[in-house]
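K.L.:
Let me give you the structure first, and then I'll get to my questions.
The values are calculated or read from the model by the stated rules, or taken from the named source; none is laboratory data. Quantities reported herein were computed from a predicted structural model and do not represent experimental measurements. Quick reminder, even Gly has a Cβ in these numbers, built from the backbone with ideal geometry, and neighbours come from all protein chains shown. In case anyone asks, the SASA skips ligands and DNA or RNA and just uses the protein heavy atoms, side chains included. Shrake-Rupley method; radii C 1.70, N 1.55, O 1.52, S 1.80 Å.
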Amino acid sequence: MIASRRRFLRIAASFAGYAALRADRGLTAPAQHLWRGVALGADCEIQLHHPDALAADRLIAACVAEARRLEAVFSLYRPDSALCRLNRDATLEAPPADLLRLLSECEEMHDLTGGAFDPTVQPLWNLYASHFSRADADPVGPGPARIAAALAHVGWKKVAFDESRVALAAGMALTLNGIAQGYITDRVCDLLRREGVGHTMVDMGELRALDARPDGSLWRVGLENGKREIKHIVELASRAVATSAAAGTTFDTSGKFAHHFDPHTGAARPIWSSVSVIARTATRADGLSTAFSMLSADSIRQIASRLEDVEVYVSGPDAGIRAQ
């Protein structure tokens, strides 16, 4: 989900009302400290409520440093990142602990979704990006032979990893963009928890609420559809929400081919214009929203029914379907 200014203003107005109420009672409201920036190419925001301004500044600086550290592991655009080195060399010796941890999360997500979540789809990304970058690109997309050639290098079970090494089969490459933002959000939340911080909203590309708001009320979050219209308002406390939208990145000018791929067929045409998932962690919400973009409503409901504390909202041909 992209945090819109319209939604933030509602949150800010709610907090201002709380501050006024406490002032009427002769109490001191916890100050709101706001940071905005970018991580992994996504707009990010931290709303931290803390009575000590210097301590809040220190905490926010630590959160930003943690996000930058993890970006150096997962980025596809920094040639020195651990992921770029892995994709370039097909092996990575002594991999960072966070890369191993996220790869383990990917394996669990792959198994949970019947293979719909698969970080090895990067060759498909490269294929579609190359195809539509040409001035004479066929608007129907790459041909079946080229898709089949790319699919020959897709398959999570071909990835081998342990504490000493990560190895890819020849021609393979990983993308963690469908889960890394959620993972970074969770690690920033872990940092704040270790410092005793609560009543905070963290958005590192995906959102996670640490506890309720300072006044005990729930955080209100607007879920956007593919047209950036808010279709649902959900309330969070100690939960996370992630949205995958086809319109977020498209390859062609018509917007028919998007950045979600079916790892079985090579298709790049998501079923849903947007999928939002609420879960206990941002990592899980992020991974599920990515996988569900290519799954039918029945498949989504079947998977979600096996999971505790997961809600799913979709927008698309059957707009309004909700799996819970």
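K.L.:
Looking at the chain, which longest stretch skips every one of the GluC sites (Glu not before Pro) that is in a DSSP loop with at most 11 other Cβ atoms within 10 Å, leaving the sites themselves out?
P.N.:
That gives 1-162 as the longest site-free run.
K.L.:
If you build a Gaussian network model of the chain, linking Cα atoms that sit under 10 Å apart, which residue out of THR175, THR253, THR290 swings the most?
P.N.:
Ranking THR175, THR253, THR290 by mean-square fluctuation puts THR253 first.
K.L.:
Right, something else. Can you show me the helix-derived [θ] at 222 nm for the chain, built from DSSP H runs with n ≥ 4 at -39,500 (n - 2.57) apiece and divided by the number of residues, rounded to the nearest 500.
P.N.:
-12000 deg cm²/dmol
K.L.:
Sticking with this structure for a sec: Give me the angle, in degrees from 0 to 90, between the Cα long axis of helix 122-133 and the longest principal axis of the Cα atoms of the chain, rounded to the nearest 10.
P.N.:
80
K.L.:
Keeping all protein chains in place, calculate the accessible area per residue for the chain (probe 1.4 angstrom), answer in Å².
P.N.:
About 44 Å² of surface per residue is accessible.
K.L.:
Also, quick follow-up: Where the only charges are on Cβ atoms (+1 Lys, Arg; -1 Asp, Glu), what is the dipole of region 190-253 about its Cα centre, to the nearest 20 debye?
P.N.:
That gives a dipole near 100 debye.
K.L.:
Going by alpha carbons, how many degrees (0 to 90, nearest 10) lie between the helix axis of 180-194 and the longest principal axis of the chain?
P.N.:
Roughly 30 degrees, rounded to the nearest 10.
K.L.:
Give the residue from GLY114, SER75, LEU103 lying farthest towards the positive end of the charge dipole for region 58-116; charges sit on Cβ (+1 for Lys and Arg, -1 for Asp and Glu) and the dipole is referred to the Cα centre.
P.N.:
After comparing all options, I get SER75.
K.L.:
Just how far, in whole angstrom, is region 109-181 from region 189-266 if you go by their alpha carbon centroids?
P.N.:
Using only Cα atoms to place each centre, the spacing works out to 24 Å.
K.L.:
Also, quick follow-up: Leaving out ligands, DNA and RNA, what percent of the accessible area of region 183-239 is carbon and sulfur, probe 1.4 Å?
P.N.:
Roughly 41 percent of what the probe reaches on region 183-239 is carbon or sulfur.
K.L.:
Calculate what fraction, in whole %, of the accessible area of region 58-97 sits on carbon and sulfur atoms when a 1.4 Å probe is rolled over the protein chains.
P.N.:
Its accessible area is 59 percent carbon and sulfur atoms.
K.L.:
Relative contact order for the chain: what percent, with Cα pairs under 8 Å and sequence separation of 6 or more?
P.N.:
Taking the mean separation of contacting Cα pairs over the length of the chain, I get 16 percent.
K.L.:
Any idea what angle helix 5-24 forms with the longest principal axis of the chain, computed on alpha-carbon atoms, 0 to 90 degrees, nearest 10?
P.N.:
20
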